[in-house]
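The next block holds one structure in the form of structure tokens; read it before the comments.
Readers should treat all values here as calculations from the given coordinates under stated rules, not as data from a laboratory. No experiment lies behind these values; they were computed from the predicted model shown. Cβ placement follows ideal geometry from the backbone for every residue including glycine, while neighbour counts extend to all protein chains displayed.
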Amino acid sequence: MAIKFNRSQTFSTNGTVTAAGLHNLIDGTDIYQALITDQPSLTAVDPADSILIADASLTAGDAPRQTTVSNLFDDALTGGTYTNLNLTGALTFGTATGNRTVSTSATITTGTIPNLTAGTTTSTLGTITNLSSGTTNSTSVIATSGTIGTFNSTTGTIGTFNSTTGTIGTFNSTTGTIGTLNSTTGTIGNFTTTLTGDVTISTGSATVGTRVAVLNTAQQYSRAHNFAATALTITSGTVPWDLSQNQVATLTVTTNSTMNTPTNPQAGSTYVMIVTQGTGGSNTLSFSTAYKFPSGTVPSLSTGSSQVDVLSFVSNGTVLYGVSSQNFS
């Protein structure tokens, strides 16, 4: 049997044992490790289990104090500082209160963090559900195959933001500055910002340059803008005209025909119809009461084959008021 106590007190054979000697037998006892290592192993520790602690505030002659496992870790984690901590399993203990500080130079590769508040963080394959930060400066953030649900920037500065195959659900920027935003095959769901410079949106050859047409601002076009003419067709002697298709239409009259009441007129809009006389000529064109002409006189088409008449209209939302310029031959 292993020796568990070093009594540091001896008695001679057949000697006299005094009371002081008996006290010294206990007072001078040293406890060997075998007292603990020879005991049965405890495979699970409950937060309420008790252990003995040598209280640093007491003298050497005082007895140890007991505390629970929960109190031990709660106080140690509250008051202690851990520079490097590597965990492979779950850390579980009672109820924890207070703040936990993680080293600012920590690197997380494949872990998952539900909520992260940090200064400088490097994440490669990790998933961050919610990221909260005050003012964050980053010069070269690169997201390859990651997913960012919502990216909010208020007063932060982002030097370069590169996204290749990643997906950004919502990107909000209010007073922040984004130096360069590059997206190749990534998808940005919603992008809200106040522009002070140019924005370029490209899909193939489609590019929006320095000016974008808006509905509620007076603007001057510096390049040509035009309508593609829509060819009207004659059906059973009548001609329908959907004004929402284009504001310029062409019609070749190959038989006596009537213009039906046009659909989708817009008040204040102008419409132009270029009428060409068909082969052989002398075909007529009459109009529904939705078309009005000066003095109530409906113009007659030029009768010569291939002769062209141009009819110009302005609408009040119901009626098309028109004039005719004839015989462009």
Original post:
What is the residue count in segment 29-59 for residues that are over 14 Å from residue 72 (Cβ atoms), without any contact (Cβ under 8 Å) to a residue 12 or more places away in the chain and surrounded by 11 or more Cβ atoms within 10 Å (Cβ to Cβ)?
Top reply: 1
Original post:
Within segment 261-277, can you find the residues that are over 11 Å from residue 322 (Cα atoms) and exposed (fewer than 15 other Cβ atoms within 10 Å of the Cβ)?
Top reply: 263, 264, 266, 267, 268
Original post:
What pairs can you find where one residue is in segment 249-276 and without any contact (Cβ under 8 Å) to a residue 24 or more places away in the chain, the other is crowded, with 17+ Cβ neighbours inside 10 Å, and their Cβ atoms are less than 9 Å apart, with a gap of 6+ or different chains?
Top reply: 263/241; 263/243; 264/243
Subject >> Residues of segment 238-260 classified as farther than 17 Å from residue 320 by Cβ and in a loop (DSSP other than H, G, I, E, B), total >> reply: 3
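Here is a list: 313, 293. Which entry is closer than 30 Å to residue 213 by Cα, among the aromatic types (Phe, Trp, Tyr) and surrounded by 14 or more Cβ atoms within 10 Å (Cβ to Cβ)?
Values: 293 fails: closer than 30 Å to residue 213 by Cα.
Matching residue, one of 313, 293: 313.
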